[in-house]
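Taking it in order: structure first as structure tokens, then the write-up.
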Amino acid sequence: PRFGRDTAILYGINTVGAVGGAFLAGFFLIKHFGHNGSLWLAALLNLSVGATAVIADIRLRHGLKTAPVKEISRDEDSISHGPPSRSIINLVMLGLALSGFCALAYQVLWTRLLILVIDNSVYSFTIILIAFLTGIALGSLLIAPVFRYVKHPVPVFALLEIAIGVSAFCFPFFIHLKQIDPSESYWGFLLIKMPMVILVPTLLMGITLPLAAYIYQAGRDGVGDSLGNVFAVNTIGGVCGAVAAGFFLIPQLGFQKSLLLLPAINLAAGAMIIVVSIKPSRAIPVLAALILIAVLGFRYMPHDYFSKKYGQLEPKSELIYYKEGLATTATVFKRPDGAKVLYLNGMAEVDTTLLSVRTLKVLGALPCLLHEDPKNALMITFGVGVTAGSASNFVESIDCVDLADQIPEIAPHFEAFNNRILKNKKFSIHIDDARHFLQNTEKHYSIIVSDATHPRSYDSWVLFTTEFYELVQKRLEANGMFCQWVPFHGLDPKQYMGIIRTFSNVFPHTSIWHFSNAYSLLLATPENLSIDFRSFLRKMLPKDVQGEMLQVRINNPFELLSHFALGEEQVKKMVAEFPEVITDDSPAHLFFPADATFKEQYEKWPKVNFQKIRAHAESVIPYLTNISTSEEKREKVIKAMRHFEMRKDW
């Protein structure tokens, strides 16, 4: 019993440390010390622990040399009828490996599901990890004082596996999408939205490892050998489970089948152990009960359960597309007003409202209109293809890189807005990570456009750092242009200005274009912004381009140019008070005040960011060149431009 108790305490304390490490890293260390600083601190802690252990060992050995050796009494094994047979121990080890496999697979699956209710920020991922580890730590520490009462550990281990399977199967039914209270702080939101029922299966997982170690060590003298083997078996199973969940279960089987298969593995592991550890007369009714549980579970979870769960994202809209992929779960809704919206991993990414489509069409067209002769373009992320469709009117070829493998199925739902880009021979799609693609391609581009998801999201934050911008710079032609979408919402002024500061630090010739107080575009040109008006006008004359712009109520070049906000010099003045740049090591744009309410994030911060842009705003007229050889026509153009600038929604 003492070995089992000590193992449980050891495992529990180690996991408590992991909880503290996850909390500090997610909420404090990376924010203040960066990734490298956090890693150095962790390394120093490891070195300190190692040094302390060496010193303690030296003192212990010295004490053993001078003190008389006492016979260490060995606890009597409390396992009834002696230690288990080798075959039973092997089955328990197999069960432990399967338990580790399921545990990490559950974590991957549950994380994808929990994004639905608790956002996808660095804080939300930290909370998910903390909750998972907390359950394991509690389970291990709670079992420690009762080991002396466990007389039949093998059947108990089997029953624990069965209980894990049942509780894990039930977990998705406790994930509910509820309307967010705008006055709720982000801290409160995370704690309230996190389904605490996650502690039930994870607590049971925390009990299984020390119990398996207790069974394995029974009748043995090698404590270190026993612990090493048990931890290795559990960890190898966990590694396999994480890989299987991410690369096979979700993309090949989907949530529904995966969350039937994994509990079935837990049940099977428990059944196989219980059959050999209890009398046959008792095993038969237990097996019958397990089969009944499995059948009821299969019948109780409908085949469309998770599509309906995701359908709650837009309860008043019609779900017209749902598919789980390797990197993302994609859903498309049709709203009552006819507008469509794409969600990726539960986050609204693109909708077909006028302001959204206008922004995306200009994002694709603007650098092409300003470039002297664009030959090719690279779109970083596809969205629904609006940006790529707009750019296709100007270039000879377009590459697009995106992680979502559902693009061929998503795009047709938005053909009215994306210029049927998938059917365009100019267009090529690459399912890849954007930075990996940029690092490995040999191509250079006239135009590169980044339409990533929100800068603070876990899958896009790396597309707003110095290192990313330097990669883009290397893949641009000498006279190439780069344009990036940046929202005003969800970023406090320090985060928003940090992105602009970082962008303009790599691309000194930066101008900013805005779309109401919702979105902004950062445009990098090879030299200070200069708009050849006659070339600009000429490129807007083709029917395809006119049709594209008329769709978003841009009837003339003045309407488009009125989205200009400020040029290079004003950008420098605006970001002067925000000296911190964003790097891979120090991703400041991930961290915002965790006590901020949603009203602050989505109402106050957009206004503040917009007002900072407005305070430095200037006219686009000084940047216009080659307007006309006629002074009269030149004055007419300038007058018209002033008229549209006066109409802009400052």
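The values are calculated or read from the model by the stated rules, or taken from the named source; none is laboratory data. Since the structure is predicted, the reported quantities are computational estimates derived from the model, not experimental observations. Cβ sites come from the backbone with ideal geometry, for glycine too, and all protein chains shown count toward neighbours. For accessibility, only protein heavy atoms count, side chains too; no ligands or nucleic acids. Shrake-Rupley method; radii C 1.70, N 1.55, O 1.52, S 1.80 Å.
Below is a table of values for the structure above.
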{"quantity": "Tyr343 vs. criteria of a type in the set (Ser, Thr, Tyr), over 16 Å from Tyr445 (Cβ atoms), out of contact with any Asp or Glu (no Cβ under 7 Å at 6 or more places or on another chain) and at pLDDT below 95", "calculated": "no"}
{"quantity": "Conditions (1) over 30 Å from Glu580 (Cα atoms); (2) open to solvent by 50 Å² or more (accessible area, probe 1.4 Å); number of the one not met by Asn36", "calculated": "(1)"}
{"quantity": "Region 222-247 - residue that is open to solvent by 70 Å² or more (accessible area, probe 1.4 Å) and without any contact (Cβ under 8 Å) to a residue 24 or more places away in the chain and, of those, nearest to the chain's Cα centre (by Cα)", "calculated": "Val243"}
{"quantity": "Helices (runs of 4 or more DSSP H) contained in region 379-430 and holding at least 1 residues open to solvent by less than 60 Å² (accessible area, probe 1.4 Å) and of a type in the set (Ser, Thr, Tyr)", "calculated": "386-391"}
{"quantity": "Residues located in region 354-376, provided they are touching a Cys at 6+ places or on another chain (Cβ under 7 Å) and either surrounded by 23 or more Cβ atoms within 10 Å (Cβ to Cβ) or at positive phi (or both)", "calculated": "Leu363, Leu366, Pro367"}
{"quantity": "Residue identified as within 32 Å of the chain's Cα centre (by Cα), open to solvent by 50 Å² or more (accessible area, probe 1.4 Å) and closer than 20 Å to Ala168 by Cβ among Tyr322, Tyr300", "calculated": "Tyr300"}
{"quantity": "Residue in region 74-95 that is at pLDDT 90 or above, open to solvent by 10 Å² or more (accessible area, probe 1.4 Å) and among the polar types (S, T, N, Q) present", "calculated": "yes"}
{"quantity": "Verdict on Pro622 being open to solvent by 80 Å² or more (accessible area, probe 1.4 Å) and outside any helix (DSSP H, G or I)", "calculated": "no"}
{"quantity": "Residue in region 432-446 that is surrounded by 24 or more Cβ atoms within 10 Å (Cβ to Cβ), part of a loop (DSSP other than H, G, I, E, B), among the acidic types (Asp, Glu) and under 28 Å from the mean Cα position of the chain (by Cα) present", "calculated": "no"}
{"quantity": "Unique match (being open to solvent by less than 40 Å² (accessible area, probe 1.4 Å), more than 24 Å from Thr381 (Cβ to Cβ) and not charged (D, E, K, R)) among Phe558, Phe507", "calculated": "Phe558"}
{"quantity": "Subset of region 184-235 (residues that are among the basic types (Lys, Arg) and not in a helix (DSSP H, G or I))", "calculated": "Arg220"}
{"quantity": "Residue check for Ser535: on the phi > 0 side of the Ramachandran plot and in contact (Cβ under 8 Å) with a residue 60 or more places away in the chain", "calculated": "no"}
